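Participant: Sharing a structure below in structure tokens format, with a few things to ask.
No value in this document is a laboratory result; all are computed from the given coordinates. On a predicted model such as this, the values are computed, not experimentally measured, just so you know. Cβ coordinates were reconstructed from backbone atoms using ideal geometry, including for glycine residues, and neighbour counts include every protein chain displayed.
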Amino acid sequence: MNMVSNFVQMQMFSPLFAVPNWVKALTWIDIAALGVIAVFLILIYLLRTCFPKVGAIAWVTAKESLVQPLFLILVLAGVFGLAIFLFLPYHTLGEDIKIVISQGLTLVKLFAVFLAIWTASTSIADEIEGKTALMILAKPVGRQTFVVGKYFGVMIGVTAIFIILGLFFVNTIGYKLVYDARESAKDVPTAIECYQYVLTILPGLCLAFFETIVLAAISVAISTRLSLLPNLAICLTIYALGHLVPMIVVSNAASQMPLVAFFANLVCAFLPVLDHFNMETAVAMNKEVPLNYLCISGAYSMLFAVVAMVLSLALFEDRDLA
């Protein structure tokens, strides 16, 4: 009788200890994230080993970014925002998941960009104004080494917050699938279905990271001349123009107003076309982002980051630090 009663109790309480499908699916994603973190740490080690001066400046800048209260505030605010998105009613007739993906990608990207602007301003502009940069350059450290090291330091902090918020974001998407199915009295997705759906949004995180690379390089270039508030205003303007101007170019308004089309094409020629990193159309149409598009977008972001770094070196080269 004791064995039978124990078996009945196990059957009654087994659902309490059963692993949800979305947790099973995301276990493999989380394991892959450990690999990404390992690669990230290896790259930092190689930077400090192969390029000691650049690596030293980058590591000091990264530590300043990671230990400041703003980093913790952005992480906590990002986690809170991504969690709130799950339960907000969007009234989209079963398409709430698409709105959550779009909002989540935008939140992760904007928080990372804000951290990049803040770190670049505090570690470059403030050091120039406080004469700390002059003390560093008095040692056998060139101006090019200083600027490049600062950029890599900014990117270390940006990558760290991107990994933290991005990992939490993909976990929330897996749970959102199950939550919506239960709310609409549909069949709960299997672990394989959750896994496959989460895989489709990983390219969106990559595209958002590519966009952050570009904006971080621009913020570093601006920080060689301007302080935090002008830097923030200019970067937000570039962000808005980079997303809106390409839409104006392809719209009917551009064909009807030649002057608007001229200025739109002029802006696209000098500013980064950030709409290339937008995944909202693919999400709305339930289409996957092809691998070749990711490669081209990554190459474009790297190229524009290099151009921005060349500009920052030119601006910093003749900057009076005394």
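Participant: Identify the residues of the stretch 141-170 with backbone N under 19 Å of a label point that sits 7 angstrom from the Cα of Leu34 along the Cα-to-Cβ direction, or state none.
Facilitator: 163-170
Participant: Please report, in debye to the nearest 20, how large the charge dipole of the stretch 113-231 is about its Cα centre when each Lys and Arg carries +1 at its beta carbon and each Asp and Glu carries -1 there.
Facilitator: Roughly 440 debye for the stretch 113-231.
Participant: Given the peptides 204-216, 72-84, arrange them by the average over their residues of other C-beta atoms within 10 Å, most packed first.
Facilitator: 204-216, 72-84
Participant: I've got another one for you. Treating only the Cβ atoms of Lys and Arg (+1) and Asp and Glu (-1) as charged, compute the dipole magnitude of the stretch 59-144 about its Cα centre; round to the nearest 20 debye.
Facilitator: 280
Participant: Provide the FRET efficiency to the nearest 0.05 for the Leu199-Asp320 pair, computing r from the beta carbons and using R0 = 56 Å.
Facilitator: Efficiency, from the Cβ-Cβ distance: 0.60.
Participant: Do the alpha carbons of any pairs in Lys53/Lys109; Lys98/Lys186; Lys109/Lys131; Lys63/Lys139; Lys63/Lys109; Lys63/Lys131 sit beyond 25 Å of each other, and which pairs?
Facilitator: Lys53/Lys109; Lys109/Lys131
Participant: If you take the charge dipole of the stretch 34-161 about its Cα centre, with +1 on Lys and Arg Cβ and -1 on Asp and Glu Cβ, which of Val67, Ile57, Ile161 is farthest toward its positive end?
Facilitator: Ile57
Participant: Still on this model: Step through the residues of the stretch 134-143 one at a time and calculate ³J(HN,Hα) from phi using the Karplus curve (6.51 cos²θ - 1.76 cosθ + 1.60, θ = phi - 60°), rounding each to whole Hz and writing x for Gly and Pro.
Facilitator: 5, 5, 5, 6, 5, 7, x, 10, x, 5
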